[in-house]
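Okay, so here's the structure we're looking at.
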Amino acid sequence: MKILRGVMCLMVAAMLTGCGANNKAPDYAKESSWVVKETDNSKKADVFFVLPTVNMKNMEPGNENIQDEKSRSRFEKTLNMEAGIVECCNVYAPYYRQATMGCYASDDGMVDAGNIYRDAMKKYLDVAYEDVKNAWIYYRDNLNGGRPVVLFGYSQGAQMLLMLLEEFGGDEVMKNQLVAVYAIGADVSEEYMKANPGLSVAQSADDTGVIVCFDACDERFEGDNTWSYSINPLSWTTLGEKADKSLNTGCVSVGTDGVVTQEIEEFCGAYIDDENGRLVVTDIVDADNYYNAQSVFPQGDYHLYDLTFFYSNLKDNVAERVEAFTKK
C-alpha cells in the first residue's frame, strides 16, 4: 500500500551508527549543525522543528552519529516528508545526537516508551536533549529576533520539546512569542502537567501558547492505558464525541524528496477516549494493514501514522494558530 510504504520511508533502514569520539556536540553557530535554517520575511512566524527518530534499524542503545553522511541524509529526508505541515513558517531544524531506536526497545524488541527513562538508557536521552537545548538557546538568542515561534516535534522530537518546556517554559520568548507547541506522538500525562503548572494543553483550534498533542490508536489498543492528554485534530476539541471522517481534509503521503505521492480525503474519523484521553481512530478501510508496520509497536498503535493520517488538518491548523497569534 502506498501510504504504508510512504510512512516506512520516514524511518529509513540503515547500518548501525554509534556515539564515538567523532560524534561531538554540534556548534549551532555553524550552518552545518542545522538541517535547515530559513529566513523569509513574508512568513509571519518561525518554527523550531525537532525531528523524530530517523533510523528505525539502529537497535544498539546509543546516540545517532550526526557526523555520518548517511545519518545526516536521513535527517534531511525525514524533514522533507514532514515540513509541508509547517510551510507557513520559517523552519529551523537542528541536527542532534538523538537516542537510537534501541533505547526504546524492551527485551522482546517491542517499543516501550518508558524504557528510555531507566537509568541505563537515560544517559542517551540526556545527550539528545542537551543538543536540542543548545540549539534552542542559539535560535532564541541569535535567530528569533522577536518573531512568533511554533515548536513542532513528532515522536522523539515531541519528547524533546516536552523536556524543553520543563526547563524554558517560563522564559520571555516562551511566554510572549510562543504560538503553540505541537508535541505529536508523545504522552502528555497528568503527572507532567501537575509538575508544570504554567503549561496548558490545547482546547480549541485557535488557542495559543498551548501544547497540541495526541498519539493515535484504535479500539483494540493494547498499550499503556494511563491517562494522556489529547486534542482531536479533526474537530479540534477535547470532547469524547466522534468527529466524522468527512472532517478529515487529507491523509497525505510524502516522498523523501518532499513531493506528495498520495492524498486521500475523508480517510478516517476520530474521537477522544473518555477513560484514557487517547485519540482513537475510526473508519479506516483495511485497518490491519497499518498495524505494527515495523513489528515494534503494540497492537492497535498507529504511532507511525500520527502525522500522515491528519497531515492536511495539521497543516491548516498551524496556519490558523499563527494567524490567531498575530491578530492578538
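Observations on the model:
- Label-to-label distance, nm, for residues given as THR238 and ASP171 (7 Å Cα→Cβ offset): 2.6
- For THR53, nonlocal amide neighbours, meaning residues 5 or more places apart or on other chains whose placed amide H falls under 5 Å from its own, are GLN156, GLY157.
- Percent antiparallel among DSSP beta bridges (both partners in the range 2-327, rounded to 5): 40
- Selected from TYR290, VAL127, TRP236, residue furthest toward positive end of dipole (the chain; charges at beta carbon): VAL127
- Ordering VAL54, TYR311, GLN159 by Cα displacement along the dipole of the range 2-327 toward the positive end leaves VAL54 in first place; charges were set at the Cβ atoms of Lys, Arg (+1) and Asp, Glu (-1).
- Look at ARG220, ARG140 and count the other Cβ atoms within 10 Å of each Cβ; fewest to most, that gives ARG220, ARG140.
- Ranking of VAL181, VAL318, VAL127 by count of other Cβ atoms within 10 Å, fewest first: VAL127, VAL318, VAL181
- Here the calculated FRET efficiency for ARG118 and ASP257, from their Cβ-Cβ distance with R0 = 41 Å, stands at 0.60, rounded to the nearest 0.05.
- When each of LYS30/LYS70; LYS30/LYS327; LYS24/LYS57; LYS24/LYS194; LYS44/LYS175 is checked by Cα-Cα distance, pairs over 25 Å: LYS30/LYS327; LYS24/LYS194
- Partners of LYS328 within straight-line reach, counting aspartates and glutamates whose Cα lies under 15 Å from its Cα and excluding those fewer than 8 residues away in the same chain: ASP206, ASP207, GLU320.
- With one equal scatterer per alpha carbon and no solvent term, the Debye-computed log10 I(q)/I(0) for the chain at 0.08, 0.09, 0.14 1/Å reads -0.32, -0.42, -1.11.
- Per residue of the chain, the DSSP helices (runs of n ≥ 4 H) give a summed -39500 (n - 2.57) that works out to -8000 deg cm²/dmol at 222 nm.
- Put a dot 7 Å past the Cα of SER189, heading toward its Cβ, do the same for GLU87, and the two dots end up 3.8 nm apart.
- Cα-based reach from LYS77 at 13 Å (exclusive), listing aspartates and glutamates while leaving out same-chain residues under 8 positions away: GLU69, ASP257
Read-outs: derived from the displayed coordinates by stated rules, not from any lab. The structure presented is a predicted model; accordingly, all values stated were derived computationally and were not measured. For neighbour counting, all protein chains shown are included, and Cβ atoms are generated from backbone atoms with ideal geometry for every residue, glycine included.
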